[in-house]
Amino acid sequence: MSLILRNIGRKINKNWIVRNLSLNVSDGECLALLGPSGCGKSSTLRLIAGLDKPDEGKILINNEDFTNVSPVDRRIGMVFQSYALFPHLTVLSNLLLGLKVRGVNKDEQRRRVINVLSILQIEDLANRLPAHISGGQRQRVALARALLRDPLVYLLDEPMSNLDAQLREELRPELRRIILNGGQPVVYVTHDQHEAMAMADRIAVLKDGILEQLATPEELYKSPASIFVASFIGRPQINLLTNEPNITTAIRPEDIYLSKEGIESKLIYKEWLGNNQLLLLETPFGKLRVLCEANIRISDNIKINWSKDKEHYFDSNSKLRIN
Amino acid sequence: MNKKMNIIIGSLIIWSIAPLAWQLYTSFSSPEALVEPFSQIKNRWTLENYIQVLTADPPFWKYLLNSTIVGLTTTFITLLFAIPAAYSLSKLKPIIAKSARLILFGAALFPYVLLFLALLEFARYLNIGNNLIALSIPYSALSMPLAVLLLSSAFKDIPKDLEEAARLEGLGIFQRLRWILIPLIAPATSSTAILIFLFSWNEYPIALTWISKNDLLTLPVAIARIAGSSVYSIPYGAYAAATVLGAMPLLLIVLLFQKQIVSGLTQGAIKG
Amino acid sequence: MILLLLLPATVLIALIFGIPLIRYAWISTHAFSVITGLELVPNQGANWLRLINDQRFWQDTFQTVRFASLSVSIELLLAICIALILDQKWRGRGITRAISLLPWALPTTIMALGWRWIFNTPFGPIDQIFNIVGIESINILSNPNITWIATVIADVWKTTPFIALILLAGLQSIPNDLYEAFRLEGGKPIQAFFKITLPLLRPYILLAVLFRLAQAFGVFDLIQVMTGGGPASSTESLALYAYLNAMRFLDFGYSATLMLGSFFLLVIACILSWIIISRFQYQLNEEKT
């Protein structure tokens with residue numbers, strides 16, 4: 001029982017925006033689709049929802065072929081980036097509309113709406129219009145609507161991107177708890193790696209419509225499969241060294257340390273980050289980013305070092321990981 | 001500067017109102033006052049003109065009623081056809097939609113008076129002259145292009161997410177129209193409806209040729225019939241009273257629905 | 001499914017707009033009048049030949065073009081002024097807008113007769129005022145050289161608000177930043193009008209002119225009721241001539257020919273004005289560089 005994408009692809013005007021993508025999301029698992037804008041993550045979500053038709057490949061839900069099922073009948077619980085609440089209906093009517101047209105009987109409608117309102121603690125908003133509630137409240141209503149859909153799969157498209165940073169961090173654990181509660185597969189689209197790591201069990205990193213790596217957050221960080229993933233995951237960005245022919249060596253700023261013995265370097269720029277500081281150094285290997293503790297005083301000429309086993313190696317031509 | 005502005009605005013208002021005010025003045029003038037509009041005479045004022053118009057056969061309110069019937073059926077039929085068409089147009093591929101819009105725009109521009117002969121043949125062939133409801137068929141068709149253009153741009157303004165959310169909620173196409181889309185374009189629908197109503201209320205050449213029975217005449221034709229006689233025998237007093245009565249409903253519509261009329265006209269301009 | 005929704009409206013439009021034009025094309029190649037006993041008799045383009053040699057047709061074309069071009073230009077100039085005024089913020093703007101809309105909303109026939117009375121000699125107010133001021137009375141509605149100007153005045157009165165509203169929408173679509181930036185560059189208000197307002201207003205002007213030109217070209221209600229085409233056919237429009245041919249002379253074949261002919265002329269007029277207004281923009285751009 002799960003969501004399976006088998007070699008799906010979609011093209012617009014002869015350009016593939018999603019290509020040969022295979023994913024497998026099991027029940028109760030949250031999979032994040034992560035990548036820069038235009039990487040095909042939202043397009044993939046729309047294919048799963050049935051809002052667009054794939055040009056190739058198959059979509060299976062619980063081993064049933066859903067590729068050609070209309071979104072009207074697909075039983076998808078989706079939270080849109082804009083929340084897409086119907087602006088002319090009250091919160092209550094927004095929630096009831098779907099149940100009504102799907103022919104759920106009156107008592108059942110009442111029972112389920114009351115239940116969902118209390119799960120999300122939005123009972124007080126029932127008679128308000130979407131325009132008259134806050135962004136965080138709108139997100140809850142959108143989530144409530146998705147829960148009431150009684151879905152086979154949950155899809156969340158950047159559900160937090162319209163909220164401010166503090167609220168986002170507060171909401172993550174609760175959102176994760178609520179959507180995984182029903183035990184359905186969850187696909188979560190985001191461009192924010194922190195959010196992806198916090199929310200997802202596994203992350204699929206996409207670039208130009210192609211899957212770069214599918215792994216747990218820890219694996220992505222520890223053994224990125226390509227230069228792209230290495231640079232995309234982890235902040236500050238990983239350092240890339242190209243002093244050997246055909247091999248790109250990568251070392252994370254947090255794996256470099258200051259030492260008495262080591263590589264001579266010159267401080268160009270320094271950025272204070274609170275609990276630590278980011279240094280930009282001129283070295284024989286080129287410019288390197290280094291993360292060190294905030295309370296260390298940095299002189300203009302310092303020596304740095306790192307241990308060999310923290311290095312990542314990539315083929316400079318194929319951009320893929322070696323070993 | 002401000003004074004200059006006031007003068008300009010003042011003359012604008014006078015320019016718009018003066019001809020109407022003159023009608024009002026004429027409508028209360030006795031036959032003696034009619035030929036001496038600026039002289040001091042006794043018996044200047046009279047209600048005789050209004051009495052004459054309201055007690056004529058058929059009484060004047062009958063024409064108002066006829067125009068209202070045609071106006072309402074036209075508005076209803078046009079919206080009934082235009083709303084689905086506008087939705088469909090807003091979903092078509094951009095290239096096709098663009099050429100469809102161009103055709104509609106051309107049709108909206110078309111001076112429809114040039115169609116009257118063929119439409120008259122049409123009415124005779126089907127034997128539907130002298131029928132107010134039938135009259136609203138050509139009226140609906142003539143207001144259709146503008147209505148479809150206005151409504152389809154309103155549909156296009158609805159965020160795509162909303163309709164997609166409704167689809168995922170399990171709403172079929174008619175349910176989406178009924179519960180989501182039509183309620184959301186209500187402001188555009190009301191301004192379109194008023195423009196259609198005004199058009200059919202004011203239409204002249206087709207009503208002139210389709211309707212010959214006295215008690216089925218629409219207001220513009222009934223009023224123009226007075227002009228059918230020679231210049232000197234036109235009962236101007238009674239005529240002015242008729243125009244004042246005929247203008248009342250429109251005065252009301254303009255005052256009540258000013259916003260919708262303006263937005264209808266300007267939306268047409270912006271999106272056209 | 002989606003296309004199915006388009007069908008009823010398309011059928012209705014095709015029925016009322018398309019079929020008549022095809023029917024006219026058919027009738028116009030036939031003799032079709034009381035003389036033929038209302039039967040269609042092919043006449044090898046005699047109608048079209050008659051049209052080309054018809055003095056009255058060309059006279060009416062001239063009069064229609066004269067009416068349309070003068071009234072549309074006056075309306076455009078007045079409408080720009082009105083739109084500029086309505087674009088400002090001042091008390092009573094809403095009610096002024098409603099009042100200026102009134103002439104547009106009233107049926108043409110109502111005011112056509114009203115104007116006939118206003119221009120009446122000697123009882124109308126215009127002639128009376130002339131008398132009081134001491135100007136010799138001119139018989140406005142029976143002087144073939146003057147009457148058409150009276151019809152232009154009536155048309156300007158009725159349709160200026162319509163153009164003003166369209167232009168107002170255009171004015172309101174121009175972001176205020178542009179004017180502020182221009183002022184900071186040291187531009188004067190008059191320059192701003194010619195360098196910013198007018199070029200950006202061009203699509204709206206084009207729309208209004210096309211719309212009005214087409215309507216004025218088909219002018220019928222106003223002329224039929226206000227002057228009946230007289231005096232001496234001096235205000236007769238193409239549409240009225242076609243109407244008279246059908247309804248008074250009962251020559252449907254020629255009437256259809258006239259209407260198709262008018263239609264072709266209108267298309268040419270629209271294309272011409274499109275080109276003129278587009279060129280106007282081009283010149284403005286040239287000037288800037």
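What residue, among those in segment C:229-280 that are touching a strand residue (DSSP E or B) at 6+ places or on another chain (Cβ under 7 Å) and open to solvent by 10 Å² or more (accessible area, probe 1.4 Å), is nearest to C:Pro199 (Cα to Cα)? Before you say what the answer is, go through the steps one by one.
At the first step, the residues of segment C:229-280 found to be touching a strand residue (DSSP E or B) at 6+ places or on another chain (Cβ under 7 Å) are C:245, C:250-253.
If we keep only those that are open to solvent by 10 Å² or more (accessible area, probe 1.4 Å) as well, we get C:250-252.
Values: C:Leu250: 49, C:Asp251: 48, C:Phe252: 46 Å.
That would be C:Phe252.
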(request) Within segment C:140-153, count every residue that is facing another protein chain (nearest Cβ under 9 Å) and in contact with a Leu (Cβ under 6 Å, 6 or more places away or on another chain). (result) 0
(request) Can you tell me which residue within segment B:254-267, out of those that are in a helix (DSSP H, G or I) and more than 7 Å from chain C (Cβ to nearest Cβ), is farthest from B:Thr68 (Cα to Cα)? (result) B:Gln267
(request) Enumerate the helices (runs of 4 or more DSSP H) found wholly within segment B:140-231, keeping only those where 1 or more residues are away from chain C (no Cβ under 11 Å) and β-branched (Val, Ile, Thr). (result) B:186-202
(request) Considering (1) open to solvent by 20 Å² or more (accessible area, probe 1.4 Å); (2) modelled with pLDDT under 85; (3) within 10 Å of chain B (Cβ to nearest Cβ), say which one C:Thr108 fails and leave the rest. (result) (2)
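Which members of segment C:31-84 meet the condition of being at pLDDT below 85 and either of a type in the set (A, V, I, L, M, F, W, C) or open to solvent by less than 70 Å² (accessible area, probe 1.4 Å) (or both)? Spell out how you get there, then give the answer.
If we filter segment C:31-84 for residues that are at pLDDT below 85, which is where we start, we get C:31, C:33-46.
Matches in segment C:31-84: C:Ala31, C:Ser33, C:Val34, C:Ile35, C:Thr36, C:Gly37, C:Leu38, C:Leu40, C:Val41, C:Asn43, C:Gly45, C:Ala46.
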(request) Could you figure out which of (1) in contact with a helix residue (DSSP H, G or I) (Cβ under 6 Å, 6 or more places away or on another chain); (2) closer than 16 Å to B:Arg167 by Cα isn't true of A:Pro54? (result) (2)
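Inside segment C:225-239, can you point out the residues that are within 9 Å of another protein chain (Cβ to nearest Cβ) and within 15 Å of the chain's Cα centre (by Cα)? Let's see the steps before the verdict.
Here is the first cut: in segment C:225-239, the residues within 9 Å of another protein chain (Cβ to nearest Cβ) are C:225-226, C:228, C:238-239.
C:Leu238, C:Ala239 - these are the residues of segment C:225-239 that are within 9 Å of another protein chain (Cβ to nearest Cβ) and within 15 Å of the chain's Cα centre (by Cα).
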(request) For segment C:172-289, please list each of the helices (runs of 4 or more DSSP H) lying entirely inside it that holds at least 3 residues being more than 26 Å from C:Thr159 (Cα to Cα). (result) C:176-184, C:189-192, C:238-247, C:252-288
(request) Kindly establish whether C:Leu12 is in contact with a helix residue (DSSP H, G or I) (Cβ under 7 Å, 6 or more places away or on another chain), open to solvent by less than 30 Å² (accessible area, probe 1.4 Å) and away from chain B (no Cβ under 14 Å). (result) no
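Does A:Arg74 satisfy the condition of being closer than 18 Å to A:Ile8 by Cα and in contact with an Asp or Glu (Cβ under 6 Å, 6 or more places away or on another chain)?
For A:Arg74, the condition - closer than 18 Å to A:Ile8 by Cα and in contact with an Asp or Glu (Cβ under 6 Å, 6 or more places away or on another chain) - is not met.
Tell me yes or no: at least one residue of segment A:151-161 is surrounded by 15 or more Cβ atoms within 10 Å (Cβ to Cβ), part of a helix (DSSP H, G or I) and either charged (D, E, K, R) or touching a helix residue (DSSP H, G or I) at 6+ places or on another chain (Cβ under 6 Å) (or both).
Restricting attention to segment A:151-161, the residues satisfying the condition of being surrounded by 15 or more Cβ atoms within 10 Å (Cβ to Cβ) are A:151-160.
Now drop any that are not part of a helix (DSSP H, G or I), which leaves none.
Looking through segment A:151-161, none of the residues is surrounded by 15 or more Cβ atoms within 10 Å (Cβ to Cβ), part of a helix (DSSP H, G or I) and either charged (D, E, K, R) or touching a helix residue (DSSP H, G or I) at 6+ places or on another chain (Cβ under 6 Å) (or both).
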(request) Scan segment A:284-323 for residues that are within 15 Å of A:Ile238 (Cβ to Cβ) and free of Cβ contacts under 8 Å to residues at least 60 places away in the same chain and jot them down. (result) A:Phe285, A:Gly286, A:Lys287, A:Leu288, A:Arg289, A:Val290, A:Leu291, A:Trp306, A:Lys310
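Say whether the condition of being in contact (Cβ under 8 Å) with a residue 60 or more places away in the chain and open to solvent by 30 Å² or more (accessible area, probe 1.4 Å) is met by at least one residue in segment B:7-20. Walk me through it before giving the result.
Narrowing segment B:7-20 to residues in contact (Cβ under 8 Å) with a residue 60 or more places away in the chain: B:20.
Next, only the ones that are open to solvent by 30 Å² or more (accessible area, probe 1.4 Å) stay: B:20.
Yes, segment B:7-20 has at least one match.
Among the strands (runs of 3 or more DSSP E) confined wholly to segment A:219-296, which include 3 or more residues that are in contact with a His (Cβ under 8 Å, 6 or more places away or on another chain)?
Working: elements: A:239-244, A:247-251, A:257-272, A:276-283, A:286-293.
Output list reads A:247-251.
Of all residues in segment C:120-139 being in contact with a Ser or Thr (Cβ under 8 Å, 6 or more places away or on another chain) and within 12 Å of chain B (Cβ to nearest Cβ), which is least open to solvent (accessible area, probe 1.4 Å)? Explain how you work it out, then say what you get.
If we filter segment C:120-139 for residues that are in contact with a Ser or Thr (Cβ under 8 Å, 6 or more places away or on another chain), which is where we start, we get C:121-122, C:127, C:130-131, C:137-139.
If we keep only those that are within 12 Å of chain B (Cβ to nearest Cβ) too, we end up with C:121-122, C:127, C:130-131, C:139.
On the way: C:Thr121: 29, C:Pro122: 60, C:Asp127: 5, C:Phe130: 53, C:Asn131: 89, C:Asn139: 76 Å².
Only one residue fits best here, namely C:Asp127.
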(message) I'm trying to understand the selection: among the residues of segment A:92-143, which are in a helix (DSSP H, G or I) and more than 22 Å from B:Ile180 (Cβ to Cβ)?
(response) A:Asp107, A:Glu108, A:Arg110, A:Arg111, A:Ile114, A:Asn115, A:Ser118, A:Ile119, A:Glu123, A:Asp124, A:Gly136
(request) Scan segment A:222-255 residue by residue and report those that are surrounded by fewer than 18 Cβ atoms within 10 Å (Cβ to Cβ) and more than 18 Å from A:Lys287 (Cβ to Cβ). (result) A:Lys222, A:Ser223, A:Pro245, A:Asn246, A:Ile247
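Condition check ((1) open to solvent by 40 Å² or more (accessible area, probe 1.4 Å); (2) over 16 Å from the mean Cα position of the chain (by Cα)) across all residues:
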{"residue": "B:Ala134", "(1), (2)": "no, yes"}
{"residue": "B:Gly172", "(1), (2)": "no, yes"}
{"residue": "B:Arg178", "(1), (2)": "yes, yes"}
{"residue": "B:Ala193", "(1), (2)": "no, no"}
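Taking into account only those residues within segment A:88-99 that are facing chain B (nearest Cβ under 7 Å) and farther than 24 Å from A:Gly183 by Cβ, which is least open to solvent (accessible area, probe 1.4 Å)?
As a first pass, look at segment A:88-99 and keep what is facing chain B (nearest Cβ under 7 Å): A:88, A:97-98.
Then drop every residue that is not farther than 24 Å from A:Gly183 by Cβ, which leaves A:88, A:97.
Numbers: A:His88: 62, A:Leu97: 6 Å².
Top of the filtered list is A:Leu97.
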(request) Restrict the check to segment C:89-103 and report whether at least one residue is modelled with pLDDT under 85 and at positive phi. (result) yes
(message) Kindly evaluate A:Gly262 against the criterion of being at pLDDT below 90 and either under 28 Å from A:Leu206 (Cα atoms) or open to solvent by less than 30 Å² (accessible area, probe 1.4 Å) (or both).
(response) no
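For the subset of segment C:93-105 comprising residues that are β-branched (Val, Ile, Thr) and open to solvent by 10 Å² or more (accessible area, probe 1.4 Å), which member is farthest from C:Ser137 (Cα to Cα)?
First, the residues of segment C:93-105 that are β-branched (Val, Ile, Thr): C:95-96, C:99.
The next check asks that each one be open to solvent by 10 Å² or more (accessible area, probe 1.4 Å); those that pass are C:95, C:99.
Details: C:Ile95: 37, C:Ile99: 31 Å.
If we take residues in segment C:93-105 being β-branched (Val, Ile, Thr) and open to solvent by 10 Å² or more (accessible area, probe 1.4 Å), then C:Ile95 is farthest from C:Ser137 (Cα to Cα).
The values are calculated or read from the model by the stated rules, or taken from the named source; none is laboratory data. Keep in mind the model is a prediction, meaning the values are calculated, not measured. Positions of Cβ are backbone-derived with ideal geometry, glycine not excepted, and every protein chain shown enters the neighbour counts. Calculation scope for accessible area: heavy atoms of the full protein, side chains included, ligands and nucleic acids excluded. Shrake-Rupley method; radii C 1.70, N 1.55, O 1.52, S 1.80 Å.
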